[in-house]
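Take a look at the structure set out below.
The values are calculated or read from the model by the stated rules, or taken from the named source; none is laboratory data. Computed from a predicted model, the values in this text were never measured in an experiment. Positions of Cβ are backbone-derived with ideal geometry, glycine not excepted, and every protein chain shown enters the neighbour counts.
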């Protein structure tokens, strides 16, 4: 590896020269979502056959990674992800990607306290401004912690990223070792999932619980999008937003004038998020918008920060819930699907907020191999990861109703969860609950 330039003397080099700095056995960090490098990635792909045991941390890859594709066996390069996109999931299925368990708001601390120093961090950012800063765009998360811990920092510049206001949302030229020119390609977009009839039924139940002045965190998917649309139609006022992910649904609420942030206790008047994924319109709305703050994830996601706002409403999707209220939101048995993300931290932060509420929502059924199955079950699928424990679950919602788990005994929880199941599955769930003593044993009529 060549001599490292003095800090403050960032040198512009080619992508090929930058990739040439990578040696076998190194830890690299590719950053998150829109900030993952592309021209560096392509240059590294051309060198993969020369390297061994290169390890790369990443998160939510929005495009295929050339270096991963260049090593289909995963023998030379290992891809680690803090949260799976569809691409990361496919690579996990192929055996070349590994998930890193987390609570998302803690990741800055992991880098600063527990992880081996990053040998090379390569992060995409906007071109340098007059004050010497490279803005990360709408993706703050833990980039600052990566920069602090990296032995070598490479910035791949692109004007395609919008400028996002926010504390610590950039890197100064004095911290950068090398600069490479990006390709300026359009940013990847995430389709806005349209809600279906079940999503809308769930959304109606949740929206009825949201008051004027509530502070919202809303996750990804058709159900959360439906909630945003119904709030827009219902007309709640003076809403705040303090969320992990900024979506098109939240943007539409902001553009309706219903989001003012006036009743927040921290970041008053500001829409606060840690990363944004969505349409080009979302990225354009963020660009140099002083109403929106892109903040580090330890500001957005740690429960003691979330709870500082009153009336926090956290709305997230899950995929399977057992009769005691354990929610599995990230895996299908031993097959990993997505990640813990900030779900558990927002469930806890919303509960601790004055007047706060958390909602975990799901359709009551799904279809697999042409057979309809219940998402409300006696036992979670073997291998399924519990994302939200029964002790933390608050409101659980399906199209058949809503139940608050707080303070309920096991038998009451079982009754409540059975009521949320599709009617076709309730009788069998009740029989199983009796059999396994979640409900009192049924006494045969002949014994009376």
On the basis of being touching a residue at least 12 places away in the same chain (Cβ under 8 Å) and surrounded by fewer than 24 Cβ atoms within 10 Å (Cβ to Cβ), does residue 377 make the cut?
yes
Meets criteria (under 26 Å from the mean Cα position of the chain (by Cα) and free of Cβ contacts under 8 Å to residues at least 40 places away in the same chain) for residue 354:
no
It is to be established whether one or more residues within the stretch 418-436 are under 30 Å from residue 242 (Cβ atoms) and touching a residue at least 12 places away in the same chain (Cβ under 8 Å).
yes
Which of the numbered conditions does residue 405 fail, given that it passes all the others? Conditions: (1) surrounded by fewer than 20 Cβ atoms within 10 Å (Cβ to Cβ); (2) touching a residue at least 24 places away in the same chain (Cβ under 8 Å).
(1)
Test for residue 362: is it over 22 Å from residue 225 (Cβ atoms) and assigned by TED's automatic domain parsing to the domain that holds residue 418:
no
Report yes if residue 304 is modelled with pLDDT under 95 and more than 15 Å from the chain's Cα centre (by Cα), otherwise no.
no
Among the residues that make up the stretch 190-198, is at least one of them closer than 22 Å to residue 106 by Cα and not in a helix (DSSP H, G or I)?
no
Flagged pairs (Cβ under 6 angstrom, 6 or more apart or on separate chains; first in the stretch 40-65, assigned by TED's automatic domain parsing to the domain that holds residue 341; second in a loop (DSSP other than H, G, I, E, B) and surrounded by 18 or more Cβ atoms within 10 Å (Cβ to Cβ)) are none
Please verify whether the stretch 242-260 includes one or more residues that are crowded, with 16+ Cβ neighbours inside 10 Å and on the phi > 0 side of the Ramachandran plot.
no
Go through the stretch 373-412 residue by residue and tally those that are under 22 Å from residue 341 (Cβ atoms) and assigned to a loop (DSSP other than H, G, I, E, B).
15
Only one of (1) assigned by TED's automatic domain parsing to the domain that holds residue 29; (2) touching a residue at least 60 places away in the same chain (Cβ under 8 Å); (3) buried (at least 24 other Cβ atoms within 10 Å of the Cβ) does not apply to residue 170, and that is (2)
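Quick grid of which residues meet (1) over 25 Å from residue 236 (Cβ atoms); (2) in a strand (DSSP E or B); (3) in contact with a strand residue (DSSP E or B) (Cβ under 6 Å, 6 or more places away or on another chain):
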{"position": "264", "(1), (2), (3)": "no, no, yes"}
{"position": "268", "(1), (2), (3)": "no, no, no"}
{"position": "298", "(1), (2), (3)": "yes, no, no"}
{"position": "308", "(1), (2), (3)": "no, no, no"}
{"position": "321", "(1), (2), (3)": "yes, yes, yes"}
Please go through the stretch 173-206 and pick out each residue that is surrounded by fewer than 18 Cβ atoms within 10 Å (Cβ to Cβ) and in contact with a strand residue (DSSP E or B) (Cβ under 8 Å, 6 or more places away or on another chain).
173, 181
Please work out which residue is nearest to the chain's Cα centre (by Cα), limiting yourself to the stretch 218-234 and to residues that are buried (at least 24 other Cβ atoms within 10 Å of the Cβ) and outside any helix (DSSP H, G or I).
219
Under 19 Å from residue 137 (Cα atoms) and touching a residue at least 12 places away in the same chain (Cβ under 8 Å): does that describe residue 192?
no
Only one of 215, 295 is crowded, with 20+ Cβ neighbours inside 10 Å, farther than 27 Å from residue 363 by Cα and in contact (Cβ under 8 Å) with a residue 40 or more places away in the chain. Can you tell me which?
295
Among the listed residues 280, 288, 237, 263, which satisfies the condition of being out of contact with any helix residue (DSSP H, G or I) (no Cβ under 7 Å at 6 or more places or on another chain) and crowded, with 17+ Cβ neighbours inside 10 Å?
263
Being closer than 17 Å to residue 363 by Cβ, touching a strand residue (DSSP E or B) at 6+ places or on another chain (Cβ under 9 Å) and at pLDDT 95 or above: is that true of residue 239 here?
no
